Amino acid sequence: MTTFEQLNLRLTREPLIGIIGLGYVGLPLADAFHTGGCRVLGFDIDQAKIDALATGTNYLKHLGAEMTTRLASSDRFSATTDFSRLAEPDAIIICVPTPLGRHNEPDMSYVINSARDVGRAVRPGQLVVLESTTYPGTTRQDMLPVILREAAARDVNLTPGTDLFVAFSPEREDPGRTSHTTRTTPKLVGGLDDASTDLAVALYKRAVQAPVRVSSAEVAEAAKVLENIFRAVNIAMVNELKVIFDHMGIDVWEVIDAAATKPFGFMPFYPGPGLGGHCIPIDPFYLTWKAREYGQNTRFIELAGEINTRMPRYVVERTVAALNDDRKPAAGSRILVSGLAYKKNIDDVRETPAAEIIEEFFALGCHVDYHDPHVPVFPRMRKHKLELTSVPLSPQAIASYDAVVIVTDHTAVDYRLYADHARLIVDTRNATKGLRPCKARVVKA
Ligand SMILES: NC(=O)c1ccc[n+]([C@@H]2O[C@H](COP(=O)([O-])OP(=O)(O)OC[C@H]3O[C@@H](n4cnc5c(N)ncnc54)[C@H](O)[C@@H]3O)[C@@H](O)[C@H]2O)c1
């Protein structure tokens, strides 16, 4: 049997799947392979995560405690910080961060470090798949050479497509969404060659219902970037319209609902206080950076970035104007920010616009508290360091603020309480929709 045939056969039996990076993407993926009957060996540099997985402690709240308990009690799952064990799996999937550097340039250090780790342990007959979101070309031009170089340094000379198989398969995780899971969301798969694509499709058949084969790793990489740019641009468009309609005294939310009654040719996107999370504020700029190599500009991405980045300041300006109508100067005003996470019903604060909004209020001399049932303590963030804890809600507490600014529309928050007791609500999410009659004055922003 050829190396390809052997690996193909193993993937249909009880293969060992190595997953590097056990975060928002890697952990549910590990669970999906485990549920599909595979053995799973997780790798992470964060010892705290490895310890938590050994005891079944859940460190990503939105996934629920059941997942980590299930994995901890299974003899088909374990996790380690020992990267020399990367020689063991039949397939290795890389799910490490791809953030932006200080000048909005791609920070590929995590992917390159993982490629080095793989190269130091790789053996003939393994499949390596990159899942981290990135620009087209990363898998072939950046990751593969590092793996081959590290392997060659150990006198392991591998031929891609013959005894080493490499593919890209973008993650489509949407934390907090229950209508689609890792298992039910169709998954794009594109290899560096046909053999790699065949094996990667066979691999993902074990974890997801519908792997979707594309002709190359580059197509899969570009499709992921397209998905995120599509969202960034459309959100920017409605954010711009929101500002225009605000000036005209028209409720943008009602306008979108009205337009969405058209059964074809329209897809609703909603405005907000600014972008957050790991994907939409970051990934489009990966393409911007790569496009420069080809002498191309990404004007839609730049414009969307400009508009979306301005939104937190717009929310603050609208609040200040509304306070002014109440003859209240911003300095000394008491503000309650409702919601710290970047989107509803999760505890993820990465790139959350709430942090910038809070900092702007502080800079204006406001007294600021926040309430978020999912984020009890303001975590340490790359750009923001604030010593705050979530305050409890009560009618008296709410009435003591000059303004309540709804940044995230968590389901667990009782918006009726705001409607009945706040003086002024600045609502960036339409969370007060239908809460009439409302004692508070509501300003949509
Ligand atoms: N979070 C999402 O909703 C989402 C959705 C789609 C795609 N993605 C993409 O998936 C990738 C991973 O994102 P995430 O949200 O899971 O990140 P995360 O920060 O939640 O998890 C990454 C994990 O990798 C670990 N890690 C970092 N360097 C490592 C290394 N050298 N070796 C082993 N482990 C290492 C970290 O400790 C962490 O546990 C990113 O490229 C992201 O853009 C994320």
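Every read-out reported here was derived from the displayed coordinates using simple, explicitly stated rules and does not represent laboratory data. As the structure is a prediction and not an experimental result, all values here were calculated from the model. With ideal geometry, Cβ positions are generated from the backbone for all residues, glycine too; neighbour counts draw on all protein chains shown.
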HN-Hα J in Hz across region 285-290 - Karplus 6.51, -1.76, 1.60, θ = phi - 60°, x for Gly and Pro:
6, 5, 6, 3, 5, 5
Name the trypsin sites (Lys or Arg not before Pro) in region 365-418 that are in a loop by DSSP and that have at most 15 other C-beta atoms within 10 Å, would you?
ARG380, ARG382, LYS383, LYS385
Summing +1 for each Lys or Arg and -1 for each Asp or Glu, what net charge is found among the other residues whose Cβ lies under 15 Å from the Cβ of ALA291?
-3
Spelling out what I want: for every residue of region 88-104, take phi, set θ = phi - 60°, compute 6.51 cos²θ - 1.76 cosθ + 1.60 (Karplus), and round to whole Hz; glycine and proline get x.
6, x, 6, 10, 10, 10, 9, 10, 9, x, 10, x, 9, x, 4, 10, 6
From the Cα centre of region 225-257 to that of region 382-429, the distance in Å is 24
How far is helix 3-12 tilted off the main Cα axis of the chain, in degrees rounded to 10, range 0 to 90?
50
Between ARG76 and ILE250, what is the spin-label point distance in nm, taking each point 7 Å from the Cα along the Cα→C-beta axis?
5.5
Over the alpha carbons of region 3-215, what is the largest minus smallest coordinate on each principal axis, giving the biggest first in Å?
45, 43, 32
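Quick one: putting +1 on the C-beta of Lys and Arg, -1 on the C-beta of Asp and Glu, what dipole do you get for the chain around its Cα centre, in Debye to the nearest 20? Don't skip to the end; give the middle numbers.
Details: 50 positive and 54 negative charges, 126 e Å.
Dipole about the Cα centre, nearest 20: 600 debye.
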If I model a spin label at THR3 and ARG380 as a point 7 Å from the Cα along the Cα→Cβ vector, what separation in nanometres do I get?
4.3
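When only DSSP loop residues count, what GluC sites (Glu not before Pro) in region 327-379 have their Cβ near at most 11 other Cβ atoms within 10 Å?
Values: sites: GLU351, GLU356, GLU359, GLU360; in loops: GLU351.
Sites meeting the loop and neighbour criteria: none at all.
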Longest principal axis of the chain (C-alpha) makes with the long axis of helix 217-248 (C-alpha) an angle, in degrees to the nearest 10, of 0
Taking Cα centroids, how far is region 1-37 from region 38-108 in Å?
13
What does the convex hull of the alpha-carbon atoms of the chain project to on average, in nm²?
22.9
What is the sum of charges, Lys and Arg at +1 and Asp and Glu at -1, for the other residues whose Cβ falls under 14 Å from the Cβ of ARG154?
+1
Kindly provide the chymotrypsin sites (Phe, Trp or Tyr not before Pro) of region 181-284 that DSSP labels as loop, not H, G, I, E or B, and whose Cβ sees at most 14 other Cβ atoms within 10 Å.
PHE264, PHE266
Under a point spin-label approximation (7 Å from Cα along Cα-to-Cβ), what is the ARG183-ARG436 distance to one decimal in nm?
4.4
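Give, rounded to the nearest 20 debye, the magnitude of the charge dipole that region 242-444 has about its Cα centre when Lys and Arg contribute +1 at Cβ and Asp and Glu contribute -1 at Cβ.
120
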Nonlocal amide H pairs with VAL129, under 5 Å, H built at 1.01 Å:
ILE92, ILE93, ILE94, ALA167
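Under the definition of Cα pairs under 8 Å and six or more residues apart, what whole-number percent is the relative contact order of region 273-371? Show your work: numbers first, answer last.
Details: 118 pairs, mean separation 35.1, N = 99.
Here the relative contact order equals 35 percent.
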So what is the relative contact order for region 138-213, in percent, with contacts set as C-alpha pairs under 8 Å and at least six apart?
28
Using a Cα-Cα cut-off of under 30 Å, which lysines could be cross-linked to LYS49, ignoring same-chain neighbours fewer than 8 residues away?
LYS61, LYS187, LYS205, LYS224, LYS343, LYS344, LYS383, LYS385
Quickly rank 217-226, 296-305, 96-105 as a protection proxy: mean count of other C-beta atoms within 10 Å, highest first.
217-226, 296-305, 96-105
Once amide hydrogens are built 1.01 Å from N within the peptide plane, the residues lying 5 or more places from VAL443 or on another chain with amide H under 5 Å from its amide H are ILE425, VAL426, ASP427
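Semi-axes, largest first, in whole Å: what does sqrt of 5 times each Cα gyration tensor eigenvalue give for region 215-320?
The answer is 28, 18, 11 Å, longest axis first.
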Amide H contacts under 5 Å for LEU188, restricted to residues at least 5 apart in sequence or on another chain and with H modeled in the peptide plane, are VAL212
At R0 = 25 Å the Cβ-Cβ FRET efficiency linking LEU303 and HIS103, nearest 0.05, sits at 0.85
Could you tell me the center-to-center distance, by alpha carbons, between region 259-289 and region 156-170 in angstrom?
34
